Structure formats: structure tokens, C-alpha cells
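*Asks:* One structure follows; several queries about it will come next.
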Amino acid sequence: MINSVFSQLGLYHLFFFLLLLGSSNLSFASDLTATVDRNKIGIDETVNLRVRYSGDENGGQPDLEQLEQDFDILSRQQSNQYRVINGRAESFVEWTLTLAPKREGKLFVPSFHYKGQVSDAIPVTVSEAGNTPDGTNRKAFLEIELDKDKAYVQEQILVKVRLYTTIGLHDIATEPLQVAGAHVEKVDEQRYERKLDGISHAVYELTYAVFPDSSGQLSIPALTYVAIAGRRDPFSLFNRNSQRLRLRSQAKTIEVLPKPDSYSGIDWLPAASLGIVQSWSQDPDTFTVGEPITRILTIRAEGLRAAQLPPLPKLDVEGLKTYPDQPQQEDQIGPNGVTGSRIETTAIVATQPGDYQLPAITVTWWDTKSKKQRATQLPAFRFNVSGTAATSPQNQEPGQLPSPASSTTSLEIQDYFWRNLAIAAIASHLLWVIYFYRTRWNSYRPNSHQTPRNTAAQRESALRRAVDSGTPSYIQKALLDWIHVRWPQLRGSNLTESTQQLAFEELEELHGLLSAAIYQEQPRPLNQQKVKVLVERLLEKQLPFSESTEEESLPKLFT
């Protein structure tokens, strides 16, 4: 019996031993830890954070909201592992985050809470760029350079952002420059090499043109670039040998001066240079009464946007009718910034022959290079117009009295005048009646050969000259005049009605181009070459009906 008791005790000890052994081999105690690879970094550097949770993991992750108050999370990865070491089983989930500090000073990676576990907070000291222990040997950094220390309001400021690197960088994500209270435009991008302290650096340079809206202190904010350092392995999904870099530049401040009190110009134009150019659609020596000629004025300023350029004075010369077109604005960008152009086109028609002079045009502007007020002038332009006046005969000069010799016959002259006037009125009335009945008759029997050939040729020549002028309103009028001469049977009083009746594809397309250039709220620039091709095709069009087919054609045209 004693032996049986000992045997039972042995079985209990064996069971208890096996239970202890099993619990030691399956250790799943819960724990949450956080570690960083460095505690001292520069503002332009990154730090790697590892958060590990040991225990049962059924999804989810720690709350990172507090972490994002002081750090930008550039990347995050999650891995789940289960392993057995020396008979001891362990399972855990790990989150790896790449962090970039948002400010300098002493920051903290906060405590994380996850499934009832709490990690310790971690202090991280962030210093200025380049002031870390290895700051003098940085392999990549950003630099911002301004082309001037002071600038006037609305003056162009060139801001160059350079990325220097001695290592291979790829997947560079650049942050666009945005300046509060200023207009910013990217104007240039270059890649080159430069030696610093005898070491060759690859340089990636971006140039921005900044135009301040008001005077005072203008702040150029710090920029942040993110890039991948190391060789890119196309056969690897994770590129474990690469490193994500976060580069940050220094902020800059520039003083913006108001417009000088001594400036006397009407429009404030701070520019490096400004010029005015005049050109003509044809030789000005061939001016003729009634024929349009186009004058093209271009004002061009280096260091100003086209939107900043003012309109030029309107032309007002007696004996000249002007038809200005919608001005065109154009900005050209390059390493030296923005060069704005404003192009004003005006069609000029002389109503009287003689000598004319277009007044000089003067534009006052501020030279940003010499810091002085300057004036650019387009000289006055003289030209001669030939031809016959399109007005009524010359009137008697004011104050001129009849001579005594002519006073004795003035009554006779008046009698003859009234008699001739009565005869002319009766004759014109008879002619009008004849014309009325003949027109009614011709409306039923159209005859395309009524128009003299010389009139058609004149209208065709006038249409070609209008096309060469490039003025939409003149082209429209000349086109309608030519259509009325070519097809006098048409009853359309405007180009829209004529287009509907003729139903020519060329005329419909031409009508659309002219309408878009004349009547749209934002007129579309006229494609002069296309208009010329359409007009030439239209000039070759045959009459839509003939004498033999007039009965079939009339219902189509006159509906």
C-alpha cells in the first residue's frame, strides 16, 4: 500500500513537471516597446522608429495622432513574425516608420497605447541643418539663393533652389514654392555639376520668379524635398539597401520697397528693360483712300508679366478711321525670369488723301538695374495717302462772300437751280418706278450675269486685302460685300443668312472663325492662314444655280 501511495505521488509530480515545461516553451507574454535608431538629428534628416508588440495580434495598430504633431511620417511598414529560439516560442508584430521632424528643438516620440500596453516616450534632439556632428560631410542638402537683397513692389525676384548631392538620388519629390502675398511662377530647371571644397556635387536647380503684391517683409518659406538614396534594384520589392532622405532648406526674408515718391509715370512698371516695336501688314508708302492697312504695336518688358503691361494710347487722327482688335498677351520664361509682351493690332482706313502723322508713344517705367526712372518712346510716324476723297464736294469756306459782279446774276442762278432740281426729282422718281418693277421681275427670273465683271473683280480684290490685314471685322464686311456681288439673288442681309442659304462648308467654317474672333466674350485669335485658304476655296465656288436649273434651285435658296 505504501508503494501505491508513492507511485501516485510520482504521477502527480510528473504531471506538474510537464505542465511547467509546456508553459516555458509557449511564452506569449504581452509587451509594447518603441525604439529609434538615433536620438540627435538635423532638421533636414530623418529618424527610423520601430514599435513592437509581443502577444496575440488580431489587426489594428497604435494611435499615431500625437506622433504627427511633431513629425512627418514619410513611410510605414508592418511585419508579423513567429519564431522559436532554444525551444522558446515567440510571436510579435512590428511597425517601422521613417520620421522627419517638423521643427527644431527637443522633441518627443510619444508613448503608444495598444491592447492595454503602454510604451515609453523617447526624446529626440533636432538641430539646424548642417550643425549635426556629421553636418560638414553631408551627402545631400538644399540651398536657396535670391538674386537681390531688396526689391520694389511688383518687381521680379529670382529664387533659385539647389539640391546638392554626392550620392545617387532617385524618386525626388519636390515641394513647389508658394509665397504668401506674391505671384510665383516656375521659369527654369537645370542639372549640372559643381565643386564644393574640392568635392564634385551633382546639382539639381529650380528657378522661380516671384512678384510681391505689396511692400514690407516678404518671407520665402523653407522647402522640403524627399528622395531615395542608394542603388535602385529593379528585382527587389523592398529595396532594403536604399534610404529615404528628407531634405529641408532654410527660410529667407527679403525687404520689399514701395513705389518711389519721385516716380511720375502713370503706370508702375518695374522692369529690367522695356521697348516698343511698330510693324505694318504692308508697305506704308502704298496707303490708298478706302483701303485698310494694319498697324501692329508690341510692347515688351523684361522682368514683367504681360498682365502688368498697360494698354497703349488709342489712335485719334482726323481723316483716319481705326478699328482696334483684341490685344494679345504672351509670357516667355527662361533662366532670367519672365518677359511679358502685349500686342495691339489696329486696322486703319484713310477717308481723305494727304499727309498724315501718327503721334509719338511714350511709356514711362522704372529701371530695376540702375534704380532710375526711364522713358521709352516710339517716334512719330509720317505717311502719305493717295487716291480720291470719299466725302461730298468741297464746301464754301466760312466767311467767304459773293463778289459784286456775281450779285447781278444770283437770282437767275437760283431760278435755274430750282428748275433743274425739279427736273431731277421727276426723273429720279421715274427711274425709281422703273427700277422697282424691274427688280420685281428679276426676282422671278434671276440672272447671274447682271453684275459687271469689274465690280466683282474689285470686291474680290478687296476681300483678299482684308484677309491680308488680319482684321476679323474687315474680313467679315468684305466677305459679305463679295457674296452680294457674286450672288445678287440672295436675300440675306447678313453673313449668317447668306451662310445658311449657300450652305458651303468653306463659308460655314469661315463664318464660325470670324464669329469667334469678333463676338465671343473672350475673342479667339484668328488663324489668318486658315482664313486665307478658306477664302481662296470660296472664290473658286461656282454659282449654286444656272439658267437651265433655276426652277430646281430657287426652292433650295429661298426657303
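*Asks:* I'd like to verify a number: residues in region 453-466 that are in contact (Cβ under 8 Å) with a residue 12 or more places away in the chain and farther than 11 Å from PRO292 by Cβ, how many?
*Replies:* Adding up the residues that qualify gives 6.
*Asks:* Could I ask something else about it? Have a look at GLN178, GLN156 and point out the one that is modelled with pLDDT of 90 or more and open to solvent by 70 Å² or more (accessible area, probe 1.4 Å).
*Replies:* Every option except GLN178 fails the conditions.
Quick grid of which residues meet (1) surrounded by fewer than 18 Cβ atoms within 10 Å (Cβ to Cβ); (2) modelled with pLDDT under 80; (3) in contact with a Phe, Trp or Tyr (Cβ under 6 Å, 6 or more places away or on another chain):
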{"site": "ALA478", "(1), (2), (3)": "no, no, no"}
{"site": "TRP482", "(1), (2), (3)": "no, no, no"}
{"site": "ARG486", "(1), (2), (3)": "no, no, no"}
{"site": "THR499", "(1), (2), (3)": "no, no, no"}
{"site": "ALA503", "(1), (2), (3)": "yes, no, no"}
{"site": "GLY512", "(1), (2), (3)": "yes, no, no"}
{"site": "ILE518", "(1), (2), (3)": "yes, yes, no"}
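*Asks:* Would you check which residues across region 225-240 are of a type in the set (A, V, I, L, M) and either modelled with pLDDT of 95 or more or assigned to a loop (DSSP other than H, G, I, E, B) (or both) and list them?
*Replies:* Listed by number, the list holds a single entry, LEU237.
*Asks:* Read through the list (1) closer than 18 Å to GLN154 by Cα; (2) surrounded by fewer than 16 Cβ atoms within 10 Å (Cβ to Cβ); (3) not aliphatic (A, V, I, L, M), then give the number of the only condition that GLY290 fails.
*Replies:* Here GLY290 clears every test but (1).
*Asks:* Within region 349-378, how many residues are closer than 20 Å to VAL289 by Cα and acidic (Asp, Glu)?
*Replies:* Residues flagged as closer than 20 Å to VAL289 by Cα and acidic (Asp, Glu) within region 349-378 amount to 1.
*Asks:* Could you check how many residues of region 148-202 are on the phi > 0 side of the Ramachandran plot and in contact with a strand residue (DSSP E or B) (Cβ under 7 Å, 6 or more places away or on another chain)?
*Replies:* Number of matching residues: 3.
*Asks:* What strands (runs of 3 or more DSSP E) lie completely within region 1-82 and have 3 or more residues being basic (Lys, Arg), surrounded by 11 or more Cβ atoms within 10 Å (Cβ to Cβ) and at pLDDT below 75?
*Replies:* Values: elements: 31-36, 40-42, 47-54.
Correct list: empty, since no element meets the threshold.
*Asks:* Counting just the residues of region 107-118 that are at pLDDT 90 or above and not in a loop (DSSP other than H, G, I, E, B), which one comes out surrounded by the most Cβ atoms within 10 Å (Cβ to Cβ)?
*Replies:* Result: VAL109.
The values are calculated or read from the model by the stated rules, or taken from the named source; none is laboratory data. The structure displayed is predicted, hence computed values, not measured ones. Cβ sites come from the backbone with ideal geometry, for glycine too, and all protein chains shown count toward neighbours. Accessible surface areas use protein heavy atoms only, side chains included; no ligands, DNA or RNA. Shrake-Rupley method; radii C 1.70, N 1.55, O 1.52, S 1.80 Å.
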